[in-house]
Amino acid sequence: MIKQVLLIALIVLGNISCGEQKTDEVTDAAAKALVDLKKLPKKVEPSTAAVEILKDWTEYNALNGAIKSFYVAETKEDLSVLLDDLIEKQKLLEASAYPTEFDRPDIKSRQKMFKTYVLKIKSNMAYDINPREAVIQTIEAYNAFNNQFSIVLSSKIDTELLFEE
């Protein structure tokens, strides 16, 4: 009788202890799948004059639309899909014909910075590092890219005169 009670007690304790470990693992896996992308910097739009020129540049408009997905991504899967999409759209933008007003090294350098930060997010995710800081840097780089369009149009300095000697 004592052996039976002891055996039943061991079985019950074994089941209880195994059950608790499984719920902890599930909770940890769910927590790892989520990304903390709340309170990101706002996306800056170019000036209205720049928007008029950019409206016909389909590759830019596709990338601009994809950036909005940062604000709705909740899991690492969402972010991974978004990154693959951004990398493809960035490649298409890089290979596309720039509008003549924006076919300049300062615009292209801002775009390369944006590309660098997108790849940094992808790297952080591959090494299981929290991507929040890299996402913020990416949005700031994209804002600088958009802001440069406005700066180019408002600038009255002719760069060819500066470098002519």
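Every number in this text was worked out from the coordinates using simple rules, so none of it is lab data. What you see is a predicted model, and the numbers here were worked out from it, not measured in a lab.
Summarising the amide proton neighbourhood of residue 40: residues at separation of 5 or more, or on other chains, whose placed amide H is nearer than 5 Å comprise an empty set. With the largest listed first and rounded to whole Å, the semi-axes of the equivalent ellipsoid of region 55-165 from the Cα gyration tensor are 30, 15, 12. Computed 3J(HN,Hα) for region 115-128, one whole-Hz value per residue from the Karplus formula 6.51 cos²θ - 1.76 cosθ + 1.60 where θ = phi - 60°, is 4, 4, 6, 5, 5, 5, 4, 4, 5, 4, 5, 5, 9, 6, glycine and proline marked x. Close amide H contacts of residue 75 (hydrogens built in the peptide plane, cut-off under 5 Å, sequence separation of 5 or more or a different chain): 35.
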